[in-house]
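What follows is a single structure, written as structure tokens, with notes after it.
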Amino acid sequence: EDAIQARLADLAHGAGDLLDRTGTDPGDALRSKKGDFVLTIDPSRTRGASLRVVIEAKDRATSGRRFTGELAEAKQNRGAAVALAVFTPQTAPTGTAPLAVFGNDVYCTFDPETDDAIALEAAFRLVRLLALASLRDAAVQLDVDAVQAALDDVCRAVGEIQGMKTRLTGISTAAREVTALLDGMKLAVLRGVKAIEEQLRVVEDG
């Protein structure tokens with residue numbers, strides 16, 4: 001949680017949002033402690049509405065069905081519109097690593113032993129956009145097909161990045177070539193996220 005908090009705090013600060021570590025505090029709805037962090041979206045982006053993202057950090061394995069229930073409880077407990085689940089690579093449920101979107105929730109992996117946070121950064125930006133899209137006016141005007149296509153591109157690119165990084169470990173002679181490919185894939189990830197942001201900007205300006 002400490003490693004995740006450091007990363008998320010930087011991302012939240014850059015976005016103008018507020019990040020609170022809430023894992024030891026009772027929530028508003030269930031009075032439980034579910035929900036390790038709460039991200040409050042910058043009110044200037046929400047027309048003054050209170051919009052929250054709950055973030056769960058997991059370093060132990062759990063079944064997908066059970067965790068889906070825990071995530072729903074965490075959203076209720078923290079009054080959040082959407083959720084971000086962050087797992088270590090070894091504990092992520094099948095089909096969620098390194099980045100996946102299920103409904104309005106985002107799953108990703110983050111290894112605190114490395115400096116690679118591309119999946120976490122992409123997940124952070126995506127979950128903010130999904131939260132903003134949950135606002136009534138945005139949901140009506142958003143081009144759902146365009147957003148879904150961009151989401152698919154982002155998830156695919158992040159997966160390719162992780163695969164290339166694995167290859168880097170054992171292929172020292174090709175390190176320069178693979179690194180160049182990784183840089184290109186990172187740009188693809190950010191282009192995909194930007195495409196979704198542009199969709200939302202059209203809604204906000206409308």
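For the stretch 52-63, a residue qualifies if it is of a type outside the set (D, E) and in a loop (DSSP other than H, G, I, E, B), and the qualifying residues are R60, A61, T62, S63.
Evaluated against (1) part of a loop (DSSP other than H, G, I, E, B); (2) at pLDDT 85 or above; (3) within 27 Å of G14 (Cβ to Cβ), G27 falls short on exactly one condition, (2). Looking only at the stretch 4-26, residues that are open to solvent by 30 Å² or more (accessible area, probe 1.4 Å) and touching a strand residue (DSSP E or B) at 6+ places or on another chain (Cβ under 7 Å) come to 6 in all.
Filtering the stretch 35-51 to residues that are outside any loop (DSSP other than H, G, I, E, B) and surrounded by 21 or more Cβ atoms within 10 Å (Cβ to Cβ) leaves F37, V38, L39. State yes or no: is E73 at pLDDT 90 or above, in contact with a Gly (Cβ under 8 Å, 6 or more places away or on another chain) and acidic (D, E)? In short, no.
The values are calculated or read from the model by the stated rules, or taken from the named source; none is laboratory data. Just so it is clear, the structure is predicted and the values come from calculations on it, not from any experiment. Cβ atoms come from the backbone with ideal geometry, glycine included; neighbour counts cover every protein chain shown. Remember, those area values only see protein heavy atoms, side chains included, never the ligands or the DNA or RNA. Shrake-Rupley method; radii C 1.70, N 1.55, O 1.52, S 1.80 Å.
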